[in-house]
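Take a look at the structure below.
The values are calculated or read from the model by the stated rules, or taken from the named source; none is laboratory data. Because the structure is predicted, anything quoted here is derived from the model rather than measured. Here the Cβ positions follow ideal geometry from the backbone for every residue, glycine too, while neighbour counts run over all protein chains shown. With ligands, DNA and RNA removed, areas are computed over all heavy atoms of the protein, side chains included. Shrake-Rupley method; radii C 1.70, N 1.55, O 1.52, S 1.80 Å.
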Amino acid sequence: MEAKFLTPPTPAVTPHYPASYTRNAHRIALPYLNRTVMVSVDDIVCLEGEGNYTFIHTRDRRKYLVSKTLKEFEKTLDSSIFIRIHKSNIINLAYVQHGVFARDRIIRMADNREVTISRRRMREITQLMNQYQEFLN
């Protein structure tokens, strides 16, 4: 008899939303494998742009490829929670785990993904992240 080892499912990451934020209020439809998947906006950790396509990374560690640009998503997502930190990245502030604002300009997300901050947006992003942290407390 052959033993089969199943890898334990990776746990979903936990967001930190303000108490006044209404969770699961918005969903977006994503075309995925010849069907449409509804994803709660609150479950999106970050969005990564690749030309005219966007990879959407969710808290359950899934990755969806959508044929929309980051600019289109930037217009529709809540700007108090989602911020564009680079020409190819939008992050959800609720999933920010750690920010390194030295030479590296890196933000670590709750799923251990590291995202680089644009040099030009560094000051603005630092202020937005500080405001969000104050809003949480």
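For the reader, a short list of remarks on this structure follows.
- Using the Cβ-Cβ distance between Asn112 and Arg35 with R0 set to 35 Å, the FRET efficiency from 1/(1 + (r/R0)^6) comes to roughly 0.75.
- Evaluated over the stretch 37-77, the Cα radius of gyration and Dmax, each in Å: 9.5, 25
- Extension gain for Leu65-Arg121 works out to 17.6 nm (0.36 nm per residue, less the C-alpha to C-alpha distance).
- Applying the Kirkwood pairwise sum to the alpha-carbon positions of the stretch 42-105 produces a hydrodynamic radius of 12.2 angstrom.
- The stretch 25-137, accessible area per residue, ligands and nucleic acids excluded (1.4 Å, Å²): 62
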